[in-house]
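Heads up, the thing below is written out as structure tokens.
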Amino acid sequence: IWATVLAALKSALGKNSFSSWIEPLEFKELVDGVAVFDVPTNFIGNYVSQNFGDQILYHMNNLGQEVQRLQFRVPSQTRPTAKAKATSKAAEPEAGSGAPLDSRFTFDTFVVGKPNELAHAAARRVAEGGPVTFNPLFLYGGVGLGKTHLMHAIAHELKLRSPELNVLYLSAEQFMYRFITALRERKMMDFKQLFRSVDVLMVDDVQFIGGKDSTQEEFFHTFNALVDGQKQIIISADRAPGEIKDLEERIKSRLQCGLVVDLHPTDYELRLGILQSKVEVYSAQYPELQIADGVLEFLAHRISTNVRVLEGALTRLFAFASLVGREITLDLTQDCLSDVLKASDRKVTVEEIQRKVSEHYNIRLSDMIGPKRVRNYARPRQIAMYLAKQMTSRSLPEIGRRFGGRDHTTVMHGVKRIEELKALDSQIADDLELLRRALQE
Ligand code: ADP
Ligand code: MG
């Protein structure tokens with residue numbers, strides 16, 4: 001079977017990529033839906049997984065193997081870790097021809113908070129089935145905020161409620177890959193037939209087709225055919241439809257004609273809620289482990305980039321604590337996660353903050369620092385002061401000096417004002433989270 005996959009990959013990838021990346025792989029075994037490969041280096045493993053993973057999965061499944069996941073290992077590093085055990089029960093086999101769904105991504109495991117409540121409500125509504133309400137449902141938001149999770153949750157729920165429904169979930173990349181394969185193998189009829197016969201089509205990370213002209217064209221036709229046939233479409237992307245690069249106008253406008261909802265950056269409460277719900281799962285897995293008060297709060301505070309990083313940190317923490325057989329204390333957390341914490345702790349300068357904030361509000365840096373007191377400049381200035389106070393270790397007088405020599409009481413007033421506004425104005429709260437995230441990356 002691997003030989004057949006190899007042949008298919010060779011023609012799909014071309015000789016060069018094939019001999020650099022695929023030939024070094026040594027197929028070892030297929031257990032519980034996980035295909036295991038030996039690779040010479042971790043780098044090759046990671047590269048292959050990121051760039052060719054979907055194709056390898058696709059070909060293996062095409063040949064009747066039920067493979068949900070690929071695992072690449074360097075032969076000398078094959079000791080199983082607690083972490084590998086914890087994650088190996090991820091995906092479940094999937095009938096039909098979509099990408100596999102992660103069985104953990106359900107509505108039950110999705111924690112709802114202010115930043116995602118709209119997206120969640122819309123997803124719920126669509127998952128209830130019945131007459132098509134919003135078409136398409138377009139979910140967008142930054143990396144790791146739960147788009148894929150929500151899409152899988154919709155698919156699970158629809159299948160539970162109406163097992164006869166033909167629900168097809170796949171990434172835009174897989175859509176393109178199948179389209180190109182169909183073209184090459186002269187199987188466009190099959191392709192069209194497949195995509196035109198679904199009841200619900202979900203395409204994840206649609207920003208991927210930006211700049212891919214023929215794929216866009218085909219996507220557009222598929223989209224229209226399904227909408228005309230009253231079939232539900234659900235799309236996700238990392239940004240709003242209008243902001244996807246190199247996407248045809250007619251597609252942008254099509255994508256906007258249903259309901260567009262965004263997942264906002266997480267806030268502290270949501271992060272804490274997610275951690276608490278994950279800890280419940282881990283506590284069942286590692287009943288012997290204790291977690292000290294304050295650890296979750298600490299993590300929710302310090303890791304604000306995205307949920308995937310947050311989850312990864314927790315997984316590591318539990319694996320580590322179970323290896324050393326100790327309670328999860330703040331000290332242990334800091335030891336075990338020092339690299340993650342350092343990364344999310346990147347030193348930010350007042351100047352960077354000023355630059356980002358003025359970009360964000362579309363004003364000139366000189367106006368932010370300058371003397372003008374009109375609100376257009378004053379508000380961003382206060383936001384920058386607030387972030388400078390929060391994200392750097394500069395004192396109020398030092399911050400004042402960097403804002404055109406302002407007095408420390410001015411800075412203090414600005415910081416206070418934003419603190420008040422943050423509680424009242426969700427737009428400001430969102431802007432702050434967004435800026436903070438951008439600055440940390
Ligand atoms: P995206 O597709 O937006 O990049 P994912 O849906 O893959 O993000 O989410 C990344 C990880 O974070 C997943 O493991 C997912 O389960 C988890 N996650 C994200 N948001 C939530 C949430 N609100 N509740 C529980 N888990 C979440
Ligand atoms: Mg995703």
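The values are calculated or read from the model by the stated rules, or taken from the named source; none is laboratory data. Note that the coordinates shown come from a computational prediction; the quantities given were computed from them, not determined experimentally. In this analysis, Cβ positions are derived from the backbone assuming ideal geometry, glycine residues included, and neighbour counts consider all displayed protein chains.
Of all the residues that make up segment 298-314, how many are within 11 Å of residue 267 (Cα to Cα) and more than 16 Å from the chain's Cα centre (by Cα)?
Residues that pass the stated criteria total 2.
Within segment 134-151, how many residues turn out to be within 13 Å of ligand 2 (Cβ to nearest atom) and either in a helix (DSSP H, G or I) or not small (Gly, Ala, Ser) (or both)?
9
Would you confirm whether any residue within segment 118-130 is near ligand 1 (Cβ under 8 Å from one of its atoms), at negative phi, over 13 Å from the mean Cα position of the chain (by Cα) and in a helix (DSSP H, G or I)?
Looking through segment 118-130, at least one residue is near ligand 1 (Cβ under 8 Å from one of its atoms), at negative phi, over 13 Å from the mean Cα position of the chain (by Cα) and in a helix (DSSP H, G or I).
Could you list, in sequence order, all residues of segment 118-134 that are in contact (Cβ under 8 Å) with a residue 12 or more places away in the chain and aliphatic (A, V, I, L, M)?
118, 119, 122, 123, 126, 127, 132
Hey, could you check segment 308-341 for residues that are free of Cβ contacts under 8 Å to residues at least 40 places away in the same chain and of a type in the set (S, T, N, Q) and say which is surrounded by the fewest Cβ atoms within 10 Å (Cβ to Cβ)?
Ranking the qualifying residues of segment 308-341, first place goes to 338.
Among the residues of segment 349-356, is there at least one that is over 24 Å from residue 301 (Cβ atoms), acidic (Asp, Glu), surrounded by fewer than 15 Cβ atoms within 10 Å (Cβ to Cβ) and at pLDDT below 95?
There is at least one residue in segment 349-356 that is over 24 Å from residue 301 (Cβ atoms), acidic (Asp, Glu), surrounded by fewer than 15 Cβ atoms within 10 Å (Cβ to Cβ) and at pLDDT below 95.
Limited to segment 346-367, what total is found for residues that are over 28 Å from the mean Cα position of the chain (by Cα) and under 17 Å from residue 396 (Cα atoms)?
Total satisfying the criteria: 2.
Given (1) within 16 Å of ligand 2 (Cβ to nearest atom); (2) surrounded by 21 or more Cβ atoms within 10 Å (Cβ to Cβ), where does residue 238 come up short, assuming only one miss?
So the condition that residue 238 fails would be (2).
Quick one: residue 230 ticks every box in (1) on the phi < 0 side of the Ramachandran plot; (2) more than 16 Å from ligand 1 (Cβ to nearest atom) bar one, so which box is it?
(1)
Taking segment 189-213 only, how many residues are on the phi < 0 side of the Ramachandran plot and within 16 Å of ligand 1 (Cβ to nearest atom)?
So the answer is 6.
I'd like the full set of residues that are among the hydroxyl-bearing types (Ser, Thr, Tyr), outside any helix (DSSP H, G or I) and buried (at least 19 other Cβ atoms within 10 Å of the Cβ), limited to segment 241-287.
The one that is among the hydroxyl-bearing types (Ser, Thr, Tyr), outside any helix (DSSP H, G or I) and buried (at least 19 other Cβ atoms within 10 Å of the Cβ): 266.
Looking only at segment 275-283, decide whether some residue is modelled with pLDDT of 90 or more, away from ligand 2 (no atom under 16 Å from the Cβ), over 21 Å from the mean Cα position of the chain (by Cα) and within 24 Å of residue 147 (Cβ to Cβ).
The answer is yes, given that some residue of segment 275-283 is modelled with pLDDT of 90 or more, away from ligand 2 (no atom under 16 Å from the Cβ), over 21 Å from the mean Cα position of the chain (by Cα) and within 24 Å of residue 147 (Cβ to Cβ).
Pick from segment 369-390 the residues that are in a helix (DSSP H, G or I) and over 33 Å from the mean Cα position of the chain (by Cα): which of them is surrounded by the fewest Cβ atoms within 10 Å (Cβ to Cβ)?
Applying the filter and picking the extreme gives 375.
Can you pull out the residues in segment 411-431 that are surrounded by 17 or more Cβ atoms within 10 Å (Cβ to Cβ) and modelled with pLDDT of 90 or more?
Across segment 411-431, the qualifying residues are 411, 414, 415, 418, 421, 428, 431.
Please give the number of the condition residue 259 fails out of (1) in contact with a strand residue (DSSP E or B) (Cβ under 7 Å, 6 or more places away or on another chain); (2) within 16 Å of ligand 1 (Cβ to nearest atom).
So residue 259 meets the others, but not (2).
What pairs can you find where one residue is in segment 138-151 and under 19 Å from residue 128 (Cβ atoms) and at pLDDT 95 or above, the other is part of a strand (DSSP E or B) and within 6 Å of ligand 1 (Cβ to nearest atom), and their Cβ atoms are less than 9 Å apart, with a gap of 6+ or different chains?
Cβ pairs passing all conditions: none.
Filter segment 149-188 for residues that are under 23 Å from residue 218 (Cα atoms) and among the β-branched types (Val, Ile, Thr); which is nearest to ligand 1 (Cβ to nearest atom)?
The qualifying residue nearest to ligand 1 (Cβ to nearest atom) is 167.
So residue 201 passes all but one of these: (1) part of a helix (DSSP H, G or I); (2) over 18 Å from the mean Cα position of the chain (by Cα). Which condition number does it fail?
(1)
Can you confirm whether segment 152-169 contains a residue that is within 16 Å of ligand 2 (Cβ to nearest atom), outside any helix (DSSP H, G or I) and either within 21 Å of the chain's Cα centre (by Cα) or not hydrophobic (A, V, I, L, M, F, W, C) (or both)?
Within segment 152-169 (the criterion being within 16 Å of ligand 2 (Cβ to nearest atom), outside any helix (DSSP H, G or I) and either within 21 Å of the chain's Cα centre (by Cα) or not hydrophobic (A, V, I, L, M, F, W, C) (or both)), the answer is yes, since at least one residue qualifies.
Going through segment 290-312 one residue at a time, which ones are within 19 Å of residue 148 (Cβ to Cβ), touching a helix residue (DSSP H, G or I) at 6+ places or on another chain (Cβ under 8 Å) and assigned to a helix (DSSP H, G or I)?
Within segment 290-312, 307, 309, 310, 311, 312 qualify.
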